[in-house]
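The values are calculated or read from the model by the stated rules, or taken from the named source; none is laboratory data. Fair warning: this is a prediction, and the values are worked out from it, not measured in the lab. Note: ideal-geometry Cβ built from the backbone for every residue, glycine included; neighbour counts use all protein chains shown. The area values use the complete protein model at the heavy-atom level, side chains included, leaving out ligands, DNA and RNA. Shrake-Rupley method; radii C 1.70, N 1.55, O 1.52, S 1.80 Å.
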Amino acid sequence: MTSDYSHHFSIKNLPYGVASSTTRIGPQCATRLNNTVVFLDSLQENGVFNSVTGLPSGIFKSTTLNDFAALPKTLHTQVREALQLALQNGVENLPAGSTADISEVQMHLPVSIPAYTDFCCSKQHNINAGRAILGHESLPPSFYHTPIAYNGRASTIVVSGTPVHRPRGHFVDRTLTSHKEVIYAPTRALDYELELGVVIGAPLPLGQGLNAKDADAHIFGLVLLNDWSARDIQSLEMIPLGPLNGKNFATTISPWIVTLEALNSFRAEEPEPQSSSIPPYLQDWGAFNYDIQLKVELETSGGKTVLGETNAKELYWSLRQMCTHLTSTGCNLHTGEILGTGTVSGSTEGSYGCLLEVTQGGKVKASLAGNGERVYLVDGDVVTMSALAGEGVGFGECSGQVLPAKDL
């Protein structure tokens, strides 16, 4: 990691992740305080969680957080309280061998991910994208009625720091002036999308359904999410069934899952009133968004450039509404699955969450540090996303470098 995010991880945060080190070869469940990674199994073995009734023995030895995430919220609350008590005076008195500096560990995917659904909850992103692609502001016809989404590819979700190879695919060669020819080649329009990801905790059985007001019980926490997108491939394939190869090659998430308890004091009102005619299961008025400041930076040979800063409180549909709409047909929820918010964008220049918006669909170039320019990403670019809710509660980074397309 090139930046110090210690201020994101105070005792008010205590996120969950999976880490390994030279002394702990296998991945294990962990938390983080400032720049210290704390291995939770060591704490359990030394009695830190003895007050937590019903916590299974050895649950933190697992290589993923799925077993812990699936437990009831009451147990999560008790574990958090025990952690805060144990860490209130710092990490100096913790059991020997239970900690490591963040620079000495490798972070892994925090959960085993059985499914991935990507929503499109930002009204402003839809407006900005419509203006860039169609030349006028427009919203999908269903936008005000339900959260809209597509099913993504769970098997290609990777943890922050994993390089992303430029995908190959079919797209229209727009360099030809006499005719439009569909070619198969490395994408020429590689983009990022700045999102949050909901990590499902307690599962929901098939056929049960869910109301928005009850959805928090099934949300383990949130991560940062970069939904890498090949815009030219996506453009050719989207009609009539939606994205496939334009988005299925990689999705990057941050390694630390920030709990709803850590974010509770940062709840925010929805950006505008929703229609009272939406179905009862979706109705969720009040402070159910989150005031989380999001940022995306692009690092090139010329330096770092901030390409967008926006806020999650601008999302039209809430995280709870995403969960409940997915289950409205009787669809189940599995522990560890991820629901992306879709690109989070604002209405003004500098608040856009993807290059499609920044460059107006490739019509203008974005200025970079060192006098560089970009329309879309080039090989060697490093995209880094970060998020901060408030003092001591942040997400760290979600980062990935673009590598050349692999030879066939």
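State yes or no: is residue 386 in contact (Cβ under 8 Å) with a residue 40 or more places away in the chain, within 27 Å of residue 185 (Cα to Cα) and either hydrophobic (A, V, I, L, M, F, W, C) or not assigned by the TED database to the domain that holds residue 11 (or both)?
The answer is no for residue 386.
Would you point out which residue out of 67, 118, 41 is charged (D, E, K, R), within 30 Å of residue 244 (Cβ to Cβ), at pLDDT 95 or above and not in a loop (DSSP other than H, G, I, E, B)?
One residue alone meets the criteria, 118.
A quick yes/no check of all residues on (1) closer than 28 Å to residue 4 by Cα; (2) part of a helix (DSSP H, G or I); (3) open to solvent by less than 10 Å² (accessible area, probe 1.4 Å):
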{"position": "322", "(1), (2), (3)": "no, yes, yes"}
{"position": "344", "(1), (2), (3)": "yes, no, yes"}
{"position": "356", "(1), (2), (3)": "no, yes, no"}
{"position": "394", "(1), (2), (3)": "yes, no, yes"}
{"position": "405", "(1), (2), (3)": "no, no, no"}
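Based on what the data block shows, is residue 265 modelled with pLDDT under 95, in the same structural domain as residue 216 (by the TED database) and more than 16 Å from the chain's Cα centre (by Cα)?
no
Just a yes or no: is a residue in region 45-53 among the hydroxyl-bearing types (Ser, Thr, Tyr), farther than 14 Å from residue 102 by Cα and free of Cβ contacts under 8 Å to residues at least 40 places away in the same chain?
Yes, region 45-53 contains a residue that is among the hydroxyl-bearing types (Ser, Thr, Tyr), farther than 14 Å from residue 102 by Cα and free of Cβ contacts under 8 Å to residues at least 40 places away in the same chain.
For the subset of region 1-41 comprising residues that are open to solvent by 20 Å² or more (accessible area, probe 1.4 Å) and among the β-branched types (Val, Ile, Thr), which member is nearest to residue 105 (Cα to Cα)?
22
Return the residues of region 209-252 that are polar (S, T, N, Q) and in contact (Cβ under 8 Å) with a residue 40 or more places away in the chain; say none if nothing qualifies.
The answer is 211, 226, 229, 235, 245, 248, 251, 252.
If we only count strands (runs of 3 or more DSSP E) wholly inside region 176-285, which ones have 3 or more residues that are closer than 25 Å to residue 143 by Cα?
Result: 194-200, 219-226.
Going by the conditions given, is residue 326 under 30 Å from residue 106 (Cα atoms) and in contact with a Leu (Cβ under 8 Å, 6 or more places away or on another chain)?
In short, no.
Inspect region 294-317 for any residue being modelled with pLDDT under 95, part of a loop (DSSP other than H, G, I, E, B) and crowded, with 18+ Cβ neighbours inside 10 Å and give the result as yes or no.
no
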